[in-house]
Amino acid sequence: MQTVTTVAALRRQVSLWQARAERIVLVPTMGNLHAGHLALVSRAHTCGSKVVCSIFVNSLQFDREEDLATYPRTPQEDLDALQHACTDLVFMPEHDEVYSEQYQVDRNIPENPLCRELCGRYRPGFFEGVVEVVTRLFHMVKPDVAVFGEKDYQQLLIIRQLVRDLGLDIHIEQVPTQREEDGLACSSRNAYLDPEQRALAPRLYAELVSVGQQIRSGVHTYTLLETQAAHRLDQAGFRPEYVSIRDGNTLEVAQHESGFIAVLAAAWLGKARLIDNFLVRFR
Ligand code: PAF
């Protein structure tokens, strides 16, 4: 496994592979890798012949300074895990390397209104920061495939739209959420939970499953389902930002005829902001 920190070194290696018609798969991460990331790497191996993983804590997607400063960073453990997972190359740049003027991306893409919805309403600038770094990474790595998890479902749809808007020939591969045994979605932010909060945390997914099951069994009072679920989370000790029932393909407000529904939520538990979703397919 090679580890590089500069775009020049990254391009040197990836160009050699591309000249040999290798199929390059990118797994973008912010490090502090857990089972969810390793599932992305494992899927990446089935999509191409060379797996590149980036580790870059993107300051543009943090709204508060302390959040960025305290975001868990475990570079050595990450490298060990990626080596074990047979990653071919790890790209670990510093902030100035990624945000150098030299790699300014010349683009003129329409603003995606989805960036302001759901998590975007509560974290202004977050998705714009994600779009900025992912665009830069796509131009730096020039992958054939990029792998993203369903846990960040809104991010996944925003990136699919980004690829269409930029006209990039990159296949976006999506991987189901990895969960702990009790149902809690794997996330670096779970590290912020104390033992009591950790015991309560799976309740978030349980609520989403329960809402999804009611929808599947024909309940159509979506606004009521959302309000009741948020209220139950609040009573249990969460500080819910939203529980929302959306069309699974567009994340527009779900219509009763939507054949694919996403039930999404964001809720604080102590210092951790947890997000999760449950996807309901009817056909
Ligand atoms: O999902 C993440 O970890 C980040 O948002 C991403 C895609 C690596 C961009 O920084």
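How charged is the neighbourhood of HIS45? Take every other residue with its Cβ under 14 Å from the Cβ of HIS45, and add Lys/Arg as +1 and Asp/Glu as -1.
-1
In 10 Å bins starting at zero, report the fraction of Cα pairs in region 30-154 per bin as a rounded %.
Going out from 0 Å in 10 Å bins, region 30-154 shows 11, 39, 40, 10, 0 percent.
Give me the one-decimal Kirkwood hydrodynamic radius in Å for region 1-52, with the sum taken over alpha-carbon pairs.
After inverting the mean inverse Cα-Cα distance, the result is 12.0 Å.
Taking the chain as the reference, fit the longest principal axis to its C-alpha atoms, fit the long axis of helix 126-141 to the helix C-alpha atoms, and give the angle between the two in degrees, 0 to 90, nearest 10.
30 degrees
For the chain, what mean projected area does the convex hull of the alpha carbons give, in nm²?
15.1 nm²
Provide the per-residue ³J(HN,Hα) series for region 200-209, in order, calculated from phi with Karplus coefficients 6.51, -1.76, 1.60 and θ = phi - 60°, each as a whole number of Hz, with x at glycine and proline positions.
Working through the residues one at a time gives 7, 3, x, 4, 4, 5, 4, 5, 5, 5 Hz.
Would you work out the Kirkwood radius for region 147-283? I mean one over the mean of 1/r across all pairs of different Cα atoms, in Å.
15.6 Å
Run the helix sum for the chain: -39,500 (n - 2.57) per DSSP H stretch of 4+ residues, divided by residue count, reported at 222 nm to the nearest 500 deg cm²/dmol.
-12000 deg cm²/dmol
Expressed as a whole number of Å, what is the distance separating the alpha-carbon centroids of region 199-252 and region 135-196?
Answer, in whole Å: 22.
Each value in this text was obtained by applying a stated rule to the coordinates, not by laboratory testing. Model, not experiment: these values are computed from the prediction. Here Cβ is always computed from backbone atoms with ideal geometry, including for glycine, and neighbour counts include all displayed protein chains.
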